[in-house]
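Let me begin by presenting the structure, written as structure tokens, before commenting on it.
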Amino acid sequence: VGEIARAALAAKRFKRTRALRVGPVFAGMGDFQIEEKTLNSELGIEIEEIAPENLLEDVLGITESEIEDEIARDVENFRVEADPEVHRRSNRLGLGLRKYLERNGFGAFSLNFLAFDYLKARSERSRF
């Protein structure tokens, strides 16, 4: 009975899920091999797509303290081998993404990392 109840609860939550896709789908992107119409009609999942630039406000709003706290948790839980500056930038982006997801009520997300290419030049000039 417990498993059935958990499955019913999961199905109910699934039907209310809003998923965010950052960047467009690309060929072979397994996250979205099922058509959006099917995800919505069969599972109740709503998908919204944004460009990476839409994350800027939240990403640039991340404080140094938030980044330091995240880095400390990373070091405590993982063997971090990334360059320190890359680690900082990655944490800033990840924390900004989390804020965007929470602020906009998304329960799932997928990223097209190829869509972030435009950020390379910007990251050399700014905190992002």
In the stretch 108-120, residue modelled with the lowest pLDDT [restricted to those that are more than 9 Å from the chain's Cα centre (by Cα) and open to solvent by less than 70 Å² (accessible area, probe 1.4 Å)]: L119
Could you please find all residues in the stretch 19-35 being buried (at least 16 other Cβ atoms within 10 Å of the Cβ) and not hydrophobic (A, V, I, L, M, F, W, C)? R21, G23
With the requirement that a residue be touching a residue at least 12 places away in the same chain (Cβ under 8 Å) and assigned to a helix (DSSP H, G or I), what does the stretch 94-112 give you? G94, L95, G96, L97, K99, Y100, L101, R103
Checking V86 against (1) within 30 Å of A8 (Cα to Cα); (2) modelled with pLDDT of 85 or more, which single condition isn't satisfied? (1)
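Here's the yes/no breakdown for (1) more than 17 Å from the chain's Cα centre (by Cα); (2) modelled with pLDDT of 95 or more:
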| position | (1), (2) |
| --- | --- |
| A7 | yes, no |
| R13 | yes, no |
| V22 | no, no |
| I67 | no, yes |
| A72 | yes, yes |
| N77 | yes, yes |
| K99 | no, yes |
Being acidic (D, E) and open to solvent by 80 Å² or more (accessible area, probe 1.4 Å) is the filter here, so list the residues in the stretch 37-68 that pass it. E42, E46, E49, E53, E57, E64, E68
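The values are calculated or read from the model by the stated rules, or taken from the named source; none is laboratory data. Model, not experiment: these values are computed from the prediction. We place every Cβ from the backbone using ideal geometry, glycine too, and count neighbours over all the protein chains shown. Accessible surface areas use protein heavy atoms only, side chains included; no ligands, DNA or RNA. Shrake-Rupley method; radii C 1.70, N 1.55, O 1.52, S 1.80 Å.
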